[in-house]
Each structure stands twice: as C-alpha cells, then as structure tokens.
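**Q** Here it is: the structure, laid out below.
Values in this text are rule-based calculations from the coordinates and carry no lab data. All values reported here derive from a predicted model rather than from experimental measurement. When we count neighbours, we look across all protein chains shown, and the Cβ atoms used for this are built from the backbone with ideal geometry, even at glycine.
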Amino acid sequence: MPDSTMPPVLRSPTWARLTRFSGKDTVFAADLFAREAWATLARELGDGGAYSFAEATALMWVRPDAFAAGVARKVLAATQAAGFRPLAVRPVRVDRCGARALWAYMCRWATVERLWLLDALVALGPGLLVLWADDTGEPAAARLTALKGSNAAGRRTGASLRDVAGSPNRLLTMVHVADEPADVVRELGILCPWPDRAALVIEAAARLTDGACCLLEDAIAAVETELPTLGTPAPDTATPSPGDLTAGPLERRWAALWAAAHRWPLLTATAGPAAWPEQESRSPWR
C-alpha cells in the first residue's frame, strides 16, 4: 500500500491496457481527469490493484431524468437482475462544467440546443453513482455498456436498461455508464472529488474481494428527497424557450425540458473533430 503521508502524484498508467481503441490511450494520457483518478487508484490500491479494479468494475450514473420520471429504481433492479452486484453507491450532483467534462469526447455531434438541455437536466438535482461488479465473470464495463442500450430508441436491439427506463430519445437517456475500463477511471475523476473518490474506491475494492453487496436504499432515498418523482409530463404544444428550462418550480422546468427534448434539434449535420480514430466511424446519421 502506498505511503498515505505522501501527496498524490498525477501519474499515468499504460492506457492501452485499459482501452480497446487505437489512439484513445494517447488522448487519455493527457486528460487531467483520467490522470487524477488514476493517481487515486494507484495511491489507494497500488498499480496492480488499480488495473484490477478498473478492469473488474462497472460505473453507472443513474441520471436526474430517471429520478424525475420515476424509473430509477426499475433501472437499478434490472441491473441487479442481470447479474451485477453493487459495490458502492453515492448521490452525486453534476454541474454544467461536470456535464461538459463527462461527455466531452462524445458531444461532437451535439447542437448548442442539446448542450442547453444537458445543463437543464443536471440542474434538476442529483443522480446516483453506483459501482458494480459483474458476477458472470465477463468484463464488467463492457457488459454493462451493452446492457445499457443505444441513446436512440430505434437502434436498440433486445432488452436494455434504457428500454426498462422508457428512454424516449437521445437527450432523455436516463442512465449513463462508463464504456470500458479507461472510462471507469476517467469518470471517477469527474464525478468525485479527491477525498470522496478515495473512500469510494476503498469501499468498492473491499467488496470486490469479499463478494459482499452494498445497500442502495439510503442513497436512493437521499436522491429522491431532493428530486422526487414528477412522472411523464403531459404533451405541450408550445415550444419552450431557454428561460423555461431554468426558471420557476421544479415541475415546470421538468415539463419544459421534456417538451424541448422532443422538439429542439439534438444533432448537427457535421461533426466536430474526433478525439481518436474509432470516433470517425461513429455517426448518429448512419
């Protein structure tokens, strides 16, 4: 175990070990969130333990729209039914800058309207961060990503968590997961500050070893206290303005967000620059 009296160092792993995509390792080696979170993992678990943790853990953020729609518990139950075991859980609030960081590499097709909507979504209240183990023995993050389903309802095949949640479109996706081990590391750096991240990692690593589950109920209830179920808003024929997303009571903002997510353009005709070659092959239009 590293000396706890020493300050953390912004170190980097061999990122190619944690990603299957050519070029992504180079991008993450320069990403401050990724480097910061790896420093936490290596400090608390040692380098070998850090690799094992990233490879054996799946990260999920049950988003504020899932709580507003009243489907968060269904998503969590479906995840457990699929063979995932909860290791650690925290209510986590993401601000505008956190939203930009979380989806920095994946918003190359996003319109400005979509960014406004993401800001309004995270402003609704907290979501729920859960770290999972996959007791089927498969790579945890990859299998949870497959279970999550596409952000476009028409592209989903088979049952998915987003089908369980009733996700209607690319904006109201209800659940976010880290795609692979490299993303598990980076997103821990975005979603948790240093002390909270260290405590979360230590707790989850202990349960990875002993086969225990964490209890979800208290954390779920804490989020629900701040963001109660609002349900699916009634159809509204009026197109919301940006001000409708930020002003007034929670119920009004949620209704405006729901309406705007169905009316505002979410995809640009051409993409911004790709961060690594694999992204060039991803097009929401194909």
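**Q** For Glu180, what is the net charge nearby, where nearby means another residue's Cβ is under 15 Å from its Cβ and Lys, Arg count +1, Asp, Glu -1?
**A** -2
**Q** A further question on this structure: Any idea how far apart Arg20 and Asp163 come out in nm if each label point goes 7 Å out from Cα toward Cβ?
**A** Modelled inter-label distance: 2.1 nm.
**Q** State the percent of C-alpha pairs, over all pairs in segment 55-130, separated by a distance greater than 13 angstrom.
**A** 70
**Q** For Val9, what charge total do you get from the other residues with a beta carbon under 11 Å from its beta carbon, if Lys and Arg give +1 and Asp and Glu give -1?
**A** Residues near Val9 contribute +2 overall.
**Q** Could you state the orientation-averaged shadow area of the convex hull built on the Cα atoms of segment 75-218, in nm² to one decimal?
**A** Taking a quarter of the hull surface, the average projection is 8.8 nm².
**Q** Choose one answer from Arg155, Arg90, Arg252: the residue with the largest mean-square fluctuation in a GNM of the chain with alpha-carbon springs under 10 Å.
**A** Arg155
**Q** Most exposed first by the Cβ proxy, i.e. fewest other Cβ within 10 Å, how do Asp196, Asp218 rank?
**A** Ascending number of Cβ neighbours within 10 Å: Asp218, Asp196.
**Q** Follow-up question, since we're still on this one. If the chain between Ala77 and Cys97 were fully stretched, how many nm would it gain, using 0.36 nm times the residue separation less the Cα-Cα distance?
**A** 4.2 nm
**Q** Picking from Thr209, Thr268, Thr173, which is most flexible by a Gaussian network model of the chain using Cα springs under 10 Å?
**A** The residue that fluctuates most here is Thr209.
**Q** First select every other residue whose beta carbon is under 13 angstrom from the beta carbon of Arg162; then total the charges, Lys and Arg +1, Asp and Glu -1.
**A** +4
**Q** Can you give the convex hull volume per residue for the Cα atoms of the chain, as a whole number of Å³?
**A** Looking at the chain, the number lands at 131 Å³ per residue.
**Q** While we're on this one: Does segment 166-286 come out rounded, prolate or oblate, given a ≥ b ≥ c as the square roots of the eigenvalues of its C-alpha gyration tensor, rounded meaning a/c under 1.5 and, failing that, prolate meaning a/b above b/c?
**A** Since a/c reaches 1.5 but b/c is at least a/b, the shape of segment 166-286 is classed as oblate.
**Q** Please give the contour-minus-distance gain from Ala247 to Cys213: 0.36 nm per residue of separation, less the Cα-Cα distance, rounded to one decimal in nm.
**A** Gain on extension, Ala247 to Cys213, equals 8.2 nm.
**Q** Got a sec? Charge dipole of the chain, +1 on Cβ for Lys and Arg, -1 for Asp and Glu; which of Val94, Val112, Ser22 is way out at the positive end?
**A** Among Val94, Val112, Ser22, the one farthest towards the positive end of the dipole of the chain is Val112.
**Q** Also, quick follow-up: Using +1 at the Cβ of each Lys and Arg and -1 at the Cβ of each Asp and Glu in the chain, identify which of Ser150, Pro228, Phe67 lies farthest towards the dipole's positive end.
**A** It is Ser150, whose Cα lies furthest towards the positive end.
**Q** Based on the Cβ-Cβ distance from Asp47 to Glu203, what FRET efficiency comes out when R0 is 22 Å, to the nearest 0.05?
**A** Computed FRET efficiency for Asp47 and Glu203: 0.65.
**Q** Treating the beta-carbon of each Lys and Arg as +1 and of each Asp and Glu as -1, no other charges, what is the dipole magnitude of segment 154-286 about its Cα centre, to the nearest 20 debye?
**A** So the dipole magnitude of segment 154-286 works out to roughly 640 debye.
**Q** Treating only the Cβ of Lys, Arg, Asp and Glu as charged (+1, +1, -1, -1), what charge dipole size does the chain show about its Cα centre? Round to the nearest 20 debye.
**A** 760
**Q** Quote to one decimal, in nm, the extra length available between Ala152 and Glu55 on full extension: 0.36 nm per residue of separation minus the C-alpha distance between them.
**A** Roughly 32.2 nm would be gained on extension.
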